[in-house]
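Colleague: Quick one: structure below, then a few questions.
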Amino acid sequence: MLVNLLSVAFILSVDSLGVGITYGIRNIKISIKSKLVLLIISFIITLLSTSIGFILLTILPDWLPNMLGCIILLCMGFFIIIQSFKRQSGITEILRDPAMSDLDSSQTIDSKEALILGLAMSVDSLVCGIGYSIAYNFSFIFPFLVSIFQLIFLSIGIILGKKINSISSLSPAIWSRISGILLIFLGIIKLL
């Protein structure tokens, strides 16, 4: 149970590393206040999604939740991979090019911009939280882990981006694809 909890939280947070690297390369700063906004948004969205999954778990027949949870994880994995190849607008575009969340081009993400970034970074958590909760049961620890991991990966990414300026051609979509592949892998393992 704990391994599954940590694995899914890790997978949902890995694309934050790519976002952080992009910010580091472009020398965009995120204040502590903005990081707190990101943490709160991530926690609320993941808690909401796992709560929905728990409600579904209580009303679905016994044989259905495991299968449904696995299908959601698999579909979300494929969806994340497909979206990483498409040009999108709005929230999806911010994940493809995180610097777009710096709306005023100030090289600093303020709390309003952090709200937009937090929503973009938590889209995966919304659907996957439902799937996780159905497949593995509800846990209050899960939303906390997802938000902490996202913040840690974002911070590590910023540090790496500043140190490895030569990889600026590396697309942030790579991290979304890795996240999608890992979700598919987790869904397949759960089905077996």
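Colleague: Which order results if LYS35, LYS112 are arranged by neighbouring Cβ count within 10 Å, fewest first? If you can, show how the numbers build up before the last one.
Modeller: Values: LYS35 18, LYS112 13.
Fewest-to-most ranking of LYS35, LYS112: LYS112, LYS35.
Colleague: Hey, fewest Cβ within 10 Å first, where do SER139, SER42, SER31 land in order?
Modeller: Numbers: SER139 18, SER42 27, SER31 13.
Fewest-to-most ranking of SER139, SER42, SER31: SER31, SER139, SER42.
Colleague: Based on other C-beta atoms within 10 Å, arrange ILE52, ILE164 from fewest to most.
Modeller: On the way: ILE52 17, ILE164 13.
So the ranking, lowest neighbour count to highest, is ILE164, ILE52.
Read-outs throughout are calculated quantities, based only on the coordinates presented, and are distinct from any laboratory measurement. Here the structure is a predicted model, which means the values were calculated and not measured. Every residue, glycine as well, gets a Cβ built from its backbone with ideal geometry; the counts of neighbours run over all protein chains shown.
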